[in-house]
Amino acid sequence: MRNATAPRPVTVAQSPAKLDAGFLEDVLDGLGLAEKTLPAKYFYDERGSKLFDEICELDEYYPTRTETALLADHAGDIAAQVGPGITLLELGSGSSTKVRLLLDRLDHPKAYIPVDISREHLQVSAARLAADYPGLKVTPIFADYVQGFPVSVEGGADRTLAFFPGSTIGNFHPVEAQSFLARLARRLGAGSRLLIGVDLKKPKERLEAAYNDAAGVTAAFNLNLLERINRELDGTFDLDGFTHLAFYNDDVGRIEMHLKSVRDQKVLVAGVPFRFEEGETIHTEDSYKYSADEFRKLAHVAGWSADATWTDDARLFSIHLLNSRG
Ligand code: AVI
């Protein structure tokens, strides 16, 4: 199936909404709260995306390599369960390594529709994929898949497989995760499938190490958000005035990432002043962890029945194949 030819040009369809129109508004709103917060989706500018790619390669960050190994081991089984002529819809097309493992085993997949908020990344990876899989129709969509996206899937719901890897679902609050999955179940229709990667609960030490790597890449990824605000929103954050903080919050089952102010200070964003006390934090990300059972229950309430779950021997990560009840 693979064929290392030159990239084939692909047209990127764009969602009508301008994607980053809300950055300034979201930052001003978040920093104006009693418990300051910034939305994690703004991590992923060009440098943030590169830093995230580096995180995925770190020894301490087990999710990427564990999920990839699970897909490599079980792609044949997944392909057998979903059958021939599938349209594969990828939500947030990261590195294409994982999707290729599926495409290599699926029986005559009909189309591949990656949906992503990074237009450049989408264009480049879709073009490469189209070149490597000549029989496959590749139609990328530039959109924020959380907000919804225009997609018409030929072949009917039961020929549709959505793929949502990386445990990105963990970055949603469980209530939002449930409503997002419910919207997706209705949107794709009864009989459609969802293959989703979910990071498992495990001892705190292992989890905390994954978000506090020795090389400081996760710290740089977190701090890059302030650099981005300085650059794009005329911010005056002193990057030495904040430190990276990540810990597992056992009560709610999530890793929390924060940026902690090392002193009392005042920062301007687009001319608007914000005061920080020493030790005060900006909450920048949550990464919820689920047992396989907890996740299946959440998915069930959202309209998805579990067809299969795969986990590695060390029970670090899970992949679920779900079936929409519409
Ligand atoms: C994208 N997401 C699933 C990552 C996670 O593990 O929650 C983002 C991340 N943040 C710090 N390291 C990785």
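Data overview
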{"quantity": "Residues of the stretch 229-268 that turn out to be assigned to a loop (DSSP other than H, G, I, E, B) and touching a residue at least 12 places away in the same chain (Cβ under 8 Å), as a count", "calculated": "11"}
{"quantity": "Residue check, His244 closer than 17 Å to Tyr211 by Cα and in contact with a His (Cβ under 7 Å, 6 or more places away or on another chain)", "calculated": "no"}
{"quantity": "Criterion violated by Lys201 - all others in (1) within 14 Å of the ligand (Cβ to nearest atom); (2) among the charged types (D, E, K, R); (3) out of contact with any Gly (no Cβ under 7 Å at 6 or more places or on another chain) satisfied", "calculated": "(3)"}
{"quantity": "Tabulated pairs, the stretch 273-287, first more than 17 Å from Asn249 (Cα to Cα) and away from the ligand (no atom under 16 Å from the Cβ), second of a type in the set (Gly, Ala, Ser) and not in a loop (DSSP other than H, G, I, E, B), C-beta under 6 angstrom, 6+ apart or interchain", "calculated": "Phe276/Ser261; Glu280/Ser261"}
{"quantity": "Of all residues making up the stretch 152-175, the number that are within 11 Å of the ligand (Cβ to nearest atom), among the hydrophobic types (A, V, I, L, M, F, W, C) and in a helix (DSSP H, G or I)", "calculated": "1"}
{"quantity": "Filtered residue count, the stretch 5-38, keeping only those that are at pLDDT 95 or above, under 17 Å from the mean Cα position of the chain (by Cα) and under 20 Å from Phe149 (Cβ atoms)", "calculated": "0"}
{"quantity": "Test: residue in the stretch 246-257 that is farther than 23 Å from Glu176 by Cα, at pLDDT 95 or above, surrounded by fewer than 19 Cβ atoms within 10 Å (Cβ to Cβ) and not hydroxyl-bearing (Ser, Thr, Tyr)", "calculated": "no"}
{"quantity": "Failed item in (1) surrounded by 15 or more Cβ atoms within 10 Å (Cβ to Cβ); (2) over 29 Å from Asp234 (Cα atoms); (3) at pLDDT below 95; (4) among the charged types (D, E, K, R), with Arg2 passing the rest", "calculated": "(1)"}
{"quantity": "Positions within the stretch 208-243 being surrounded by fewer than 22 Cβ atoms within 10 Å (Cβ to Cβ), within 26 Å of Leu71 (Cβ to Cβ) and within 11 Å of the ligand (Cβ to nearest atom), in sequence order", "calculated": "Asp213, Val217"}
{"quantity": "Long-range neighbours under 8 Å by Cβ, at least six apart or interchain, first residue free of Cβ contacts under 8 Å to residues at least 24 places away in the same chain within the stretch 141-152, second part of a loop (DSSP other than H, G, I, E, B)", "calculated": "none"}
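For every residue, the table says whether it meets (1) out of contact with any Pro (no Cβ under 7 Å at 6 or more places or on another chain); (2) among the β-branched types (Val, Ile, Thr); (3) surrounded by fewer than 16 Cβ atoms within 10 Å (Cβ to Cβ).
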| residue | (1), (2), (3) |
| --- | --- |
| Gly22 | yes, no, yes |
| Glu35 | yes, no, yes |
| Tyr44 | yes, no, no |
| Leu58 | yes, no, no |
| Val99 | yes, yes, no |
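The values are calculated or read from the model by the stated rules, or taken from the named source; none is laboratory data. These numbers were taken from a predicted model, which means no experiment stands behind them. Here the Cβ is made from the backbone with ideal geometry for all residues, glycine too, and neighbour counts use every protein chain on show.
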